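Every number here is computed from the coordinates shown, using simple stated rules; none is lab data. What you are looking at is a predicted structure, and each value in this text was computed from that prediction instead of being measured. Here the Cβ positions follow ideal geometry from the backbone for every residue, glycine too, while neighbour counts run over all protein chains shown.
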Amino acid sequence: MEIIDKIFGTYKGEPITEYTLVNDYGMTVSCLNYGCVITKIIVPDRHGNLENVVLGFENFEDYPEWSPYFGAVVGRVAGRINGASFELDGKEYRLADNDYPNHLHGGKKGFNSVIWQTEIVEGENAVGLKFFYQSPDGEEGYPGKLDTTVTYMLNNKNELEISYEGKTDQKTVVNLTNHSYFNLSGNLKRDCSEHILQLDSNQYLELGQDLIPTGKMLCTRNTPFDFKHGRRLGSGINSSHPQNVIAGNGYDHPLVFTKQGENTIMLSDEESGRSLLITTDQPCVVLYSGNYLAGLYSIAGVRARNYLGVCLETQGFPDAIHHPEFPSVILNPEEVYYSKTVYRFFANTVGD
Ligand code: G6D
């Protein structure tokens, strides 16, 4: 196992380094000290062909200019916050309205676009990186000085483990995730409409026209949102279900896991034989099917088009600060925010 680093660009006068984690079986994970962005994940297909399975740019300059959060850690609060404001203990906090009139993914200067202090971590059976960022009190309108540590660890089971830890000096809100767009076909050969998704969720959050949760939980059973027994993503992309239409002809929805505690998500691509098994401690996963990717020109040399990648953003409920019935995203000074999600890649070898 090893870690290779190279200068990938500069941002506001600071060097941007791309670190590549390499395990003993050919899997590599490349990431930046900018936004903790994952730029590439290379894994084998059923024939052993090593190919990239996430969306990312080849040049750093494209990230600040164009990236729809490719591979990035998103925070302080992932998702939308209605009206770009919230109240804590009777005091109102106004946030950046970067998705006017609402707040999205931590604001104009969210965690996806800051430079993180980075240190290499070398374990016995894993290599990784620790990223650290101190968000000052009032950054993007959020209260409290928030110290956040994100750890990426690659092991020899072809697992990428992502863990998050947050500490604050005054009451605030935190909901972190990773916004990688997966495409298991390999080097973006095909889009994700034929990918099969399987997870145990009986309910999902209804979205309004502005993609803000209405607070209503809808039943997944026998709808394009029912992934209990596996479903092609094209089912929601080509659906006339009002919620698929509202999302821009696809998915952009928080799927609520049926059971509390640890849950799993399986994404598979039959043609390549690749699968991604996600294990998370989070209560929901925002399924976003890349409905607006056509707005870009090209991605890693491939003509951009909708559905070229699918996001599985394991996290707390979006806009939870306005819905006391949702799991809380409030962090108090005496508490530690902790979250962990593991991505395990594997392929059915020839003849399976
Ligand atoms: C759109 O609504 C979607 C978000 O869910 C996604 O995270 C973003 O594009 C990249 O705003």
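Some notes on this structure:
- Mean separation of Cα contacts under 8 Å (6+ apart) over length of the chain, as relative contact order %: 18
- Charged-residue dipole, Cβ positions (Lys, Arg, Asp, Glu), the chain about Cα centre, Debye nearest 20: 700
- Each peptide among 179-191, 267-279, 72-84 gets the average number of other Cβ atoms lying within 10 Å of its residues, and from highest to lowest they stand as 72-84, 179-191, 267-279.
- Taking only the alpha carbons of the range 10-163, we obtain Rg and Dmax values of 17.3, 59 Å in that order.
- Remark on Gly215: its backbone amide H falls under 5 Å from those of Glu206, a criterion applied only to residues 5 or more positions apart or on other chains, H modelled at 1.01 Å from N.
- Inverse of mean 1/r across different Cα pairs in the range 133-234, Kirkwood, Å: 17.6
- Net dipole in debye of the range 160-287 [+1 Lys, Arg Cβ; -1 Asp, Glu Cβ; about Cα centre; nearest 20]: 220
- Tensor-based shape of the range 72-203 (alpha-carbon gyration tensor, a/c under 1.5 rounded, otherwise prolate or oblate): oblate
- Hits among lysines - C-alpha to C-alpha of Lys145 under 29 Å, sequence gap 8 or more where chains match: Lys12, Lys91, Lys108, Lys109, Lys130, Lys167, Lys171, Lys340
- One compactness figure for the range 1-85 is 1.27, namely its Cα radius of gyration divided by 2.2 N^0.38 Å.
- For the chain, the calculated P(r) over all alpha carbon pairs, in 10 Å bins from 0 to the bin holding the longest distance, is 6, 26, 36, 25, 7, 0, 0 percent.
- If the chain linking Asp147 and Thr214 were pulled fully straight, counting 0.36 nm for each residue of separation and taking away their Cα-Cα distance, it would gain 21.0 nm.
- Three-way shape label, the range 58-132, alpha-carbon gyration tensor, a/c 1.5: oblate
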